[in-house]
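The values are calculated or read from the model by the stated rules, or taken from the named source; none is laboratory data. Everything quoted here is computed from the prediction, not taken from an experiment. Methodologically, a virtual Cβ is constructed for each residue, glycine included, from the backbone with ideal geometry; neighbour enumeration extends over all protein chains shown. Calculation scope for accessible area: heavy atoms of the full protein, side chains included, ligands and nucleic acids excluded. Shrake-Rupley method; radii C 1.70, N 1.55, O 1.52, S 1.80 Å.
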Amino acid sequence: MDTKPYTSGLSENAVVITRVANGQWHALDDDLVVGRGHAEHRPDGRLFVSIDAWHDAIFDRLAEAMLTELPSPLYTVVDEADIELTAGWRRAGFTIRRREWEYVVPTDPRVTGLDDVLPPAGVTIVPAGEADERLLRAVDRAIRDEVEAMTGWWSMPAEVISRPDGDTIVDPSKYAVAAEPDRYLGLIRVVTGNRPRIGLVAVRAGEQRRGIARALLAHALGTLHRSGASAAWTEVHEANQAASALFECIGARPMSSNLELVR
């Protein structure tokens, strides 16, 4: 373990910053944990850090210890409304890389207006868990290449960036797709649970403006509604006006914003 003494004024004893495990640090004041730091690689290979501390001075000392030992670049995500936490990371040299709006999305088709929405002629919706994995991976790769060639995949929700080994479909059972007989045109990923989340809605560039995204949303939200979920959540990059318009036209409301910071 690594320890670095630091007198905080919290008590007569020195606060000690200790690395207690791989990727974990504690700030101890007379054996009382007054701050914690954590570092973890996300599936895309990027290293994200977080700190929970009682006082700014402890935050700064934890950040100093962690940043000294960790490689760059480093990333963190904060609620933009948390001004103190954002300020702490800025003091540590982090800058804003992206902003995502978090939307709450109603599932009731009487609210969304999606009750009568059907896919265009010749297109069917394949429910989650029933998609052909080969065709699913093909449409995912095609869409990713199209986005990368235009706005850059970095503009998509942070959690859908591919992993270092190139695998972009973490769990095929989470995806419903819009299908033609020999290929898929679009996809939607929904993670269910206490707080259902729409992680991605995307359609091939040549098939957009046909109502496919709305049909995928109608299917996914209708499925959630029938399962008893009254709302879902999703994140949209602030520059993605098309995605914001898609969700807002079905009654989704922005509830908060998250900042991804980088050092």
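Find the residue count for region 109-146, including only residues that are crowded, with 16+ Cβ neighbours inside 10 Å and more than 23 Å from residue 181 (Cα to Cα).
Taking region 109-146 first, the residues crowded, with 16+ Cβ neighbours inside 10 Å are 109, 111-112, 114, 117, 119, 123, 125-126, 128, 131, 135-137, 139-140, 142-144, 146.
Keeping just the survivors that are more than 23 Å from residue 181 (Cα to Cα) gives 109, 111-112, 114.
Counting residues in region 109-146 that are crowded, with 16+ Cβ neighbours inside 10 Å and more than 23 Å from residue 181 (Cα to Cα) gives 4.
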*Counting only residues that are out of contact with any Lys or Arg (no Cβ under 7 Å at 6 or more places or on another chain) and part of a loop (DSSP other than H, G, I, E, B), how many does region 20-45 have?*
5
*asked:* Just to be sure I understand, how many residues within region 201-212 are surrounded by fewer than 19 Cβ atoms within 10 Å (Cβ to Cβ) and among the aliphatic types (A, V, I, L, M)?
replied: 1
*asked:* Scan region 155-169 and tell me whether some residue there is modelled with pLDDT of 65 or more and closer than 29 Å to residue 122 by Cα.
replied: yes
*What are the residues in region 48-62 that are open to solvent by less than 20 Å² (accessible area, probe 1.4 Å) and either farther than 15 Å from residue 86 by Cβ or free of Cβ contacts under 8 Å to residues at least 12 places away in the same chain (or both), if any?*
48, 58, 62
_Based on this model, can you work out whether residue 101 counts as open to solvent by 70 Å² or more (accessible area, probe 1.4 Å), in contact with a Pro (Cβ under 7 Å, 6 or more places away or on another chain) and within 25 Å of residue 258 (Cα to Cα)?_
yes
*Regarding residue 217, is this residue surrounded by 17 or more Cβ atoms within 10 Å (Cβ to Cβ), touching a Ser or Thr at 6+ places or on another chain (Cβ under 7 Å) and within 15 Å of residue 107 (Cα to Cα)?*
no
*Which one is nearest to residue 76 (Cα to Cα), of the residues in region 22-32 that are modelled with pLDDT under 90 and surrounded by fewer than 14 Cβ atoms within 10 Å (Cβ to Cβ)?*
32
*Give the residue, chosen from 3, 107, 18, 7, that is more than 18 Å from the chain's Cα centre (by Cα), at pLDDT 95 or above and among the hydroxyl-bearing types (Ser, Thr, Tyr).*
107
